[in-house]
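The values are calculated or read from the model by the stated rules, or taken from the named source; none is laboratory data. Model, not experiment: these values are computed from the prediction. Every residue, glycine as well, gets a Cβ built from its backbone with ideal geometry; the counts of neighbours run over all protein chains shown. With ligands, DNA and RNA removed, areas are computed over all heavy atoms of the protein, side chains included. Shrake-Rupley method; radii C 1.70, N 1.55, O 1.52, S 1.80 Å.
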Amino acid sequence: RRKTTCSDGCFIRIKTEVNRNGKKCYHQNGTKFDSMWELELANYMDSLSIAWERPATGIQWFDSRGKEHLYFPDFYLPETDIFLDPKNKFVVALSTEKLEYLAKHHKNVFWGELSYLKNLVSEIVVHRDGIEPPTLSL
């Protein structure tokens with residue numbers, strides 16, 4: 001955040017209530033989202049009858065100095081013990097240290113662009129339902 005027009009608390013409140021276009025990001029079940037990508041992924045999982053929830057606790061990770069942090073992915077899929085977190089390339093580039101740690105220590109955490117996560121969810125359905133996998137292009 002480059003602008004200092006409001007306090008950190010104010011910024012967080014605004015970020016969690018609206019996306020960049022000023023539209024509220026609420027799922028039909030009342031869940032509040034930080035972005036339209038999150039809402040779209042939730043709706044996609046609903047359309048495929050994939051159970052999801054917002055994680056109640058964070059995932060522990062350590063930075064290069066050994067400092068402990070908590071990471072809160074956007075979705076938890078309880079039937080498969082998988083966490084999903086839609087992120088654009090810019091955010092991924094800013095989070096390299098954290099994401100590298102997670103990739104090494106938490107094999108059930110997946111992040112990336114919306115199309116990549118939708119493909120992963122489609123693969124979950126393929127394995128769950130025993131159907132022939134579609135041709136996927138990542």
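Summary table below
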read-out	value
Simple label model, 7 Å out from Cα along Cβ direction - H105 to A51, nm	2.9 nm
Sequence-distant aspartates and glutamates (8 or more away, or on other chains) whose Cα lies within less than 14 Å of K98	D63, E68, D85
Sequence of W52, W37 from largest to smallest accessible area, 1.4 Å probe	W37, W52
Pairwise FRET efficiency - E123 versus V91, Cβ, R0 = 25 Å, nearest 0.05	0.60
Computed label-point distance, nm, for sites Q28 and T80 using a 7 Å Cα→Cβ extension	2.1 nm
List D46, D85, ordered by accessible area with a 1.4 Å probe, largest first	D46, D85
Interchain or long-range residues, amide H under 5 Å from Y71's placed H	I59, Q60, W61
Residue-span extension gain [N43 to L70] - 0.36 nm each, minus C-alpha spacing	7.1 nm
Rounded to whole Hz, the Karplus (6.51, -1.76, 1.60) HN-Hα couplings of region 88-95, x for glycine and proline	7, 4, 5, 5, 4, 5, 6, 10
